[in-house]
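The structure appears below as structure tokens.
No value in this document is a laboratory result; all are computed from the given coordinates. Just so it is clear, the structure is predicted and the values come from calculations on it, not from any experiment.
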Amino acid sequence: MAEEEAKPLAYIAETVLKKRKSTEAFALARKAQLETGGKYEHNKKKKKEIHDIKRPEQFVKEFRDQELDLIRMKQRGKRSKSATVKPKSELLFIARIQGKNDMHPKTRKILYNLRLRRMFCGVFVKASDRVLQMLQKVEPYVTYGYPNLKNVKELIYKKGYGNLENQRVPLTDNNIIEQALGKYGIICIEDMVHEIANVGPHFKEVMTFLGPFFLNKPEGLLGKKQPYKDGGEAGNREDHINELIEKMN
């Protein structure tokens, strides 16, 4: 009887073999996990879900905090203009350091108008009566002062992003700046720094292009809503804002 021809072994790709091995290893690990700590993890998850449910007392407290915030905001808004310190510089840097559930919607709206939509973000603004009135109303949630040229430059270089076609674009190429601001004679980062630091004629256009700066959380929680001059963290820091910028940049 003639010997039968040997059949070639079925070829299995290496990637398929690796996938089988990893799937088997995962199945064994999952089985061991369920046998040892599965019940504990299930109970832990269940407790977490229970804690996530808000009690009526929490809603009442949040509502009262918001109403109290509105009353205080109106009181701050009634301060006489003589009580408002006249700015020493046309350029202000504002950083949001507070504000979560205890804010009234009107307070949040003012912060949004200042483009401070999240904690630990900052913007450059031109000092005006309108801006100072807004800052007076939201003083417990922000701190501000007069940035120097060094910090203006470092903020733009390290944290600067441009708004181009409704997208945040890092300022890695001067062509991006020229494309957005070239018609105003601003074609590079140094031109932007000069325009902002000197509050030039196209300051508004530059700040419209330049998005808010997302800053680092400084060491030590900024938890005191009292004015900076009274030992707190909020309000006008004047030239001392530069120390905070260096910590958050």
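Key figures for this structure:
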{"read-out": "Prolate/oblate/rounded call for segment 115-171, Cα gyration tensor, a/c under 1.5 rounded", "value": "prolate"}
{"read-out": "Built amide H within the under 5 Å cut-off of residue 145, gap 5+", "value": "93, 237"}
{"read-out": "Cα-based shape type of segment 160-218, given that a ≥ b ≥ c are square roots of the gyration tensor eigenvalues and the cut on a/c is 1.5", "value": "oblate"}
{"read-out": "Residue-wise HN-Hα coupling along segment 122-133, computed from phi with Karplus coefficients 6.51, -1.76, 1.60 (Hz; x: Gly, Pro)", "value": "x, 9, 8, 9, 8, 5, 8, 4, 5, 5, 5, 5"}
